[in-house]
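Undergrad: I'd like to ask some things about the structure below.
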Amino acid sequence: MPFAYGKPRFARTTGLPKGEVSPLWKPPLIPPSVMRPKLSKNLLRTKTLEARVNAIEHEMIKLKAQDAGLSIAELTRRSVLLKPLPKRLSKITLATYRELVRIGSNINQLTRATNTAIKMGLRPPADPEQLKQLQKLLQQIGRELSQIETEITDDDDVDDDGDQEDWE
């Protein structure tokens, strides 16, 4: 029986001691065109990463890898290295979002008070049409703010105490 690669499978049946191969056996000659080229030291993967996942997450990752026809390691590499990372929000943008949320909360409270007053037959504290316009404007500002791409770093943003740094 000819052997394709490596040591013969049934070396123990030849009567030789464990680990020894018959002197008649020779490894197959593989032409260099079939052999895989060696990777350069920079491309050789020598580092490992560990991540803890629960059983459900592991099964989902495994299925996703199978669906893509990739190993879990290759799926992870491609997912981590090829997908763009979400942009980090600057402190100014975060502060603006917080203020928009506060304004939105105040508008919602005013809308609730207006609706309650109308149901009770009292004079409303605000015009309902103006409140609707304010809510639409607030949503539009939020959308526009999310589209703004800033190159401001955290060092140039608002200080933790709320004071804005001097711009040079």
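Undergrad: Take residue 51 and tell me if it is more than 30 Å from residue 147 (Cβ to Cβ) and assigned to a helix (DSSP H, G or I).
TA: Values: more than 30 Å from residue 147 (Cβ to Cβ): yes; assigned to a helix (DSSP H, G or I): no.
Against the criterion (more than 30 Å from residue 147 (Cβ to Cβ) and assigned to a helix (DSSP H, G or I)), residue 51 does not qualify.
Undergrad: Considering only segment 54-79, state which residues are open to solvent by 100 Å² or more (accessible area, probe 1.4 Å) and closer than 30 Å to residue 146 by Cβ.
TA: If we filter segment 54-79 for residues that are open to solvent by 100 Å² or more (accessible area, probe 1.4 Å), which is where we start, we get 56, 60, 64, 66-67, 78.
Result: 60, 64, 78.
Undergrad: So residue 105 passes all but one of these: (1) open to solvent by 60 Å² or more (accessible area, probe 1.4 Å); (2) closer than 30 Å to residue 140 by Cβ; (3) among the polar types (S, T, N, Q). Which condition number does it fail?
TA: Going through the list (1) open to solvent by 60 Å² or more (accessible area, probe 1.4 Å); (2) closer than 30 Å to residue 140 by Cβ; (3) among the polar types (S, T, N, Q), residue 105 breaks only (1).
Undergrad: Are any residues in segment 54-73 assigned to a loop (DSSP other than H, G, I, E, B) and either touching a residue at least 40 places away in the same chain (Cβ under 8 Å) or aliphatic (A, V, I, L, M) (or both), and if so, which ones? Give the derivation first.
TA: Within segment 54-73, the subset assigned to a loop (DSSP other than H, G, I, E, B) is 54, 69-71.
Across segment 54-73, the qualifying residue is only 70.
Undergrad: For segment 80-100, what are the residues that are out of contact with any Phe, Trp or Tyr (no Cβ under 9 Å at 6 or more places or on another chain) and surrounded by 12 or more Cβ atoms within 10 Å (Cβ to Cβ)?
TA: Across segment 80-100, the qualifying residues are 90, 91, 92, 93, 94, 95, 96, 97, 100.
The values are calculated or read from the model by the stated rules, or taken from the named source; none is laboratory data. As the structure is a prediction and not an experimental result, all values here were calculated from the model. Backbone-built Cβ (ideal geometry, glycine too); neighbour counts: all protein chains shown. Surface accessibility is based on the protein's heavy atoms, side chains included, excluding ligands, DNA and RNA. Shrake-Rupley method; radii C 1.70, N 1.55, O 1.52, S 1.80 Å.
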